[in-house]
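Chemist: One structure follows; several queries about it will come next.
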Amino acid sequence: MRPPTIITPARSISRICLRCRLQAGPSSPRPSLSSRTTAAPSLSPSRNPLIQAHQRAAPFSHTARALSAASSNKDDNSSNRHQSSSSSRPSAPRTHYDIFPQTLADGPPPAGHFPIDTRALRREFLQLQARAHPDLHPAESKTRAAATSSLINEAYRTLANPLLRAQYLLSLRGVDVANDETLKVEEPDLLMLVLEAREEIEEAQTEDDLERPRRENDERIRESEQRLDRAFAEDDVEAAKREAVRLRYWVNIRESLDNWEPGKPVVLEH
């Protein structure tokens, strides 16, 4: 006859398993709740797997606390992640020039030049708008994308026009030539050129009649930009103000040439 099988009580097995698990370290499965309550042998701090795990995580906890302190003191993890990503974004542009780093890498005068490559500016403008267009962003980002797109539009419109560019640069220096109606040029020769240009535009019968006046006016604008370049490079605000007023006439003539229609009266703003 076979000897009877000896069955070990479940509690003894549980105690043995718990000791094995504790000795195996944190990689072993965690004991059940009943096992933890029935047998909890004391371990020294150096052998306690929970303390060891905490010590290994300490450097990461320190970093997390530093990042949390640098954020807006929000406790939830999603807000902290949002704040961390926001802090990594580039800072807001200080001037319109900062929006176009490829074309205007030197920034505004005096570091950069007043004349700019408007074709390159337009290429970069289209690239920026292709990325910032609100339709290309999820719903939660459309408002921010729309604001960015509007800022890009305003910067491009200002810098592409030499008159608006000059007025903008002077506004950075606290001078408002755009809305100061008292700023006029008392130069008889300049006023005579303006009146002659107006008559030529009004008397033109075809677009070909405007070819010579347009070429001459474009040359005046280029010369005015060169004078503004020197004035801003030397930080001569008074000279820049006078030249910006002169440039106002030439830009108005160019707009009249671009908007010409047979028989349409020409209005030149002073």
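Chemist: Out of Ala178, Ala197, Ala155, which single residue is in contact with a helix residue (DSSP H, G or I) (Cβ under 6 Å, 6 or more places away or on another chain) and farther than 30 Å from Leu104 by Cα?
Modeler: Values: Ala178 fails: farther than 30 Å from Leu104 by Cα; Ala155 fails: farther than 30 Å from Leu104 by Cα.
Being in contact with a helix residue (DSSP H, G or I) (Cβ under 6 Å, 6 or more places away or on another chain) and farther than 30 Å from Leu104 by Cα holds for just one of Ala178, Ala197, Ala155, which is Ala197.
Chemist: I would also like to ask the following. Any residue in region 215-235 that is farther than 18 Å from Val194 by Cα sitting within a Cβ distance under 9 Å of a residue that is among the hydroxyl-bearing types (Ser, Thr, Tyr) and modelled with pLDDT of 95 or more? List the pairs, counting only those 6 or more apart or interchain.
Modeler: Here the result reads none, with nothing in region 215-235 linked to a residue that is among the hydroxyl-bearing types (Ser, Thr, Tyr) and modelled with pLDDT of 95 or more.
Chemist: Check off (1) surrounded by 12 or more Cβ atoms within 10 Å (Cβ to Cβ); (2) modelled with pLDDT under 95; (3) polar (S, T, N, Q); (4) over 19 Å from Arg94 (Cα atoms) for Thr182 and give me the number that stays unchecked.
Modeler: Tallying (1) surrounded by 12 or more Cβ atoms within 10 Å (Cβ to Cβ); (2) modelled with pLDDT under 95; (3) polar (S, T, N, Q); (4) over 19 Å from Arg94 (Cα atoms), Thr182 fails exactly one: (1).
Chemist: Moving on. Out of contact with any Cys (no Cβ under 8 Å at 6 or more places or on another chain), outside the structural domain of Pro109 (by TED's automatic domain parsing), under 16 Å from Trp260 (Cα atoms) and touching a residue at least 40 places away in the same chain (Cβ under 8 Å): is that true of Leu210 in this structure?
Modeler: On the way: out of contact with any Cys (no Cβ under 8 Å at 6 or more places or on another chain): yes; outside the structural domain of Pro109 (by TED's automatic domain parsing): yes; under 16 Å from Trp260 (Cα atoms): yes; touching a residue at least 40 places away in the same chain (Cβ under 8 Å): yes.
Spelling it out, Leu210 is indeed out of contact with any Cys (no Cβ under 8 Å at 6 or more places or on another chain), outside the structural domain of Pro109 (by TED's automatic domain parsing), under 16 Å from Trp260 (Cα atoms) and touching a residue at least 40 places away in the same chain (Cβ under 8 Å).
Chemist: Filter region 224-251 down to residues that are modelled with pLDDT of 95 or more and among the basic types (Lys, Arg) and give me whichever is farthest from the chain's Cα centre (by Cα).
Modeler: Checked region 224-251; the qualifying residue farthest from the chain's Cα centre (by Cα) is Arg227.
Chemist: Select from region 135-173 the residues that are among the basic types (Lys, Arg) and within 19 Å of Leu247 (Cα to Cα) and list them in ascending order.
Modeler: Step one: list which residues in region 135-173 are among the basic types (Lys, Arg), which gives 142, 144, 157, 165, 173.
Those that are among the basic types (Lys, Arg) and within 19 Å of Leu247 (Cα to Cα): Arg157, Arg165, Arg173.
Chemist: Against the condition outside any loop (DSSP other than H, G, I, E, B), surrounded by 16 or more Cβ atoms within 10 Å (Cβ to Cβ) and not assigned by TED's automatic domain parsing to the domain that holds Glu225, how does Ala145 come out, does it pass?
Modeler: Values: outside any loop (DSSP other than H, G, I, E, B): yes; surrounded by 16 or more Cβ atoms within 10 Å (Cβ to Cβ): yes; not assigned by TED's automatic domain parsing to the domain that holds Glu225: yes.
Yes: the conditions hold for Ala145.
The values are calculated or read from the model by the stated rules, or taken from the named source; none is laboratory data. Predicted model, so just to flag it, every value in this text is computed and none were measured. With ideal geometry, Cβ positions are generated from the backbone for all residues, glycine too; neighbour counts draw on all protein chains shown.
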